[in-house]
1. For the stretch 36-46, state whether one or more residues are touching a Gly at 6+ places or on another chain (Cβ under 9 Å) and outside any loop (DSSP other than H, G, I, E, B).
2. Scan the stretch 349-371 and tell me whether some residue there is surrounded by fewer than 22 Cβ atoms within 10 Å (Cβ to Cβ), modelled with pLDDT of 95 or more, outside any loop (DSSP other than H, G, I, E, B) and touching a His at 6+ places or on another chain (Cβ under 7 Å).
3. Please enumerate the residues belonging to the stretch 225-277 that are of a type in the set (Gly, Ala, Ser) and either farther than 27 Å from ARG397 by Cα or surrounded by 21 or more Cβ atoms within 10 Å (Cβ to Cβ) (or both).
4. Suppose the filter is surrounded by fewer than 15 Cβ atoms within 10 Å (Cβ to Cβ) and in contact with a helix residue (DSSP H, G or I) (Cβ under 7 Å, 6 or more places away or on another chain); does ASP95 pass it?
5. Residues that are closer than 17 Å to PRO109 by Cβ, surrounded by 13 or more Cβ atoms within 10 Å (Cβ to Cβ), of a type outside the set (Lys, Arg) and in contact (Cβ under 8 Å) with a residue 24 or more places away in the chain: does the stretch 7-22 have at least one?
6. Under the condition of being among the charged types (D, E, K, R) and part of a helix (DSSP H, G or I), which residue from the stretch 276-297 is nearest to LEU355 (Cα to Cα)?
7. Among the candidates ARG63, ARG15, which residue alone is assigned to a helix (DSSP H, G or I) and within 26 Å of ALA240 (Cβ to Cβ)?
8. Where the second residue is in a helix (DSSP H, G or I) and the first is over 20 Å from MET293 (Cα atoms) and lies in the stretch 186-201, which pairs have Cβ atoms under 8 Å and are six or more apart or on separate chains?
Amino acid sequence: MTIPAGQAPVAELLRRLSGAAPIETHISAVFVGADTAWKLKKAVTLGFLDFAPLAAREEFARRELALNQPLAPGLYRDVVPVTRGADGALALGGDGPVVDWVLRMAPVPAADFLDAVADRGGLDGPLLDAMADAVRASHAVAVPVAPSFDAPSFDAPGRAGMVLAGNLRDCLATGLPEARVMALGAAMRARLDALSPLLRARAAEGRVRRCHGDLHLGNLVLLDGRPTPFDALEFDEALATTDTGYDLAFLLMDLLRRGARGEANRVMNRYLARDPDIGMLAALPFWMALRAMVRAHVEARRAGAGHGMAYLALAESLLSPVPPRLVAVGGLQGTGKTWLARDLAPDLGLAPGALHLRTDEIRKRRAGVAPEARLPPSAYGEAESLAVHAEMFALARQALAAGHSVVLDAVFLNPARRAEAEAAASPHPFTAFWLEAPMALLRDRVEKRAAGPAPDASDATIAVLESTASADAGVITWQRLDATSPREAARAALALSAGIGA
């Protein structure tokens, strides 16, 4: 990852300005100073880009600025020329001949990049939710690309096949085991053939957009305390014009590679709570495996075949079939339904775990507000509650049909709703838990949640709890669990029915 000899004088100028050695990748060098960071694109020609011409480095520096500044305005500043004066000295700006181009940015502490946050165990629930919200927001403002299946974009299964074939060649060229690479390639090809109608349909409905294109943890940074995507892929419009699910898949795969399956599950579910794109679930294992293949040969090229093997193994595991199932969690307000659902979901079914459908979140989405926004009592009328549950069951059936497990999270006081939950599971396995605890404990939990520092999607109050508790729930046939410590009993029941690790 050396800077080309012809750019050595420019690198020396930036080193003097920053007072530090650069942070390098194979295509760029970033010089971080006290109040400014300068990004220099290396004059390299690779299989997927050509930065050797000076005009190309200007073009793509400006393209990077245009793509990233709207989402990270505090980070990206401008593009400036490096010029040579009459005395031969180099300077930023000036009237002499331009010898290179530099993207000026704000410096960011190394600890504020999300890969660094992950390394120190700092990815808590609110931060994971904020990450998913940031990704979803970037997709929401991206303009859909009209389907053109002959065009070189990822909307066409043929293009996906080209990407797959290219990555297979790269995996072989970097010394990864041929037998395993070819077996993985065959499995990926078969999966892509099965997914082709879905990919075309998603393109037709506007899911193909000009996305970030390189959305891993290292390309998310905390700006003013909020996760912000940056460094979007600027040099290949075809690679970056893709299904939003494939864009999200890179982030989920990166979390899985780190062993953070629970965190990946939280990000996926938060994204889908804001945008119920359940259709992505059928393609998600393929997309994550393809992202893992890319990283396998990149790491093998960077540091040897051994370093790519973990990604290769991850790609293989992501294609392993796991039968879907539906789990329902019910009980009064304050029993910890959401806590248990979130605890169980990561280990259910295909990676990164089960779809978590929560009536509180569905209700907020239907009202057009964020999950943590408050709703008036009028939003909890009988007609709306019926509509919320109907949507939850419809989404559950769609996810199960896509091969993805589901966890339902609702009070389920009405016996008819409990029967509908079981019916939604058919023909897949169904397990249901009913959480119970003394009213004094539930009152305390509801009161503390309402007054707590972390906002929650539940609008329940003590009055709501008292009203629910006084209603007739009918005969409870679901497995009753002590809400003070339900985890082990729930996991034992699921293990007994081959629900976890199956």
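1. no
2. yes
3. Selection gives GLY225, ALA232, ALA238, ALA240, GLY245, ALA249, GLY259, ALA260, ALA264, ALA273.
4. no
5. Among the residues of the stretch 7-22, not one is closer than 17 Å to PRO109 by Cβ, surrounded by 13 or more Cβ atoms within 10 Å (Cβ to Cβ), of a type outside the set (Lys, Arg) and in contact (Cβ under 8 Å) with a residue 24 or more places away in the chain, which makes the answer no.
6. ARG291
7. ARG63
8. So the pair list comes out as LEU198/GLY279; LEU198/ALA282; ARG200/PRO157; ALA201/GLY279.
The values are calculated or read from the model by the stated rules, or taken from the named source; none is laboratory data. Just so we're clear, the structure is a prediction, and the values are computed from it rather than from any experiment. Neighbour counts are summed over all protein chains in view; Cβ atoms, including those assigned to glycine, are modelled from backbone coordinates with ideal geometry.
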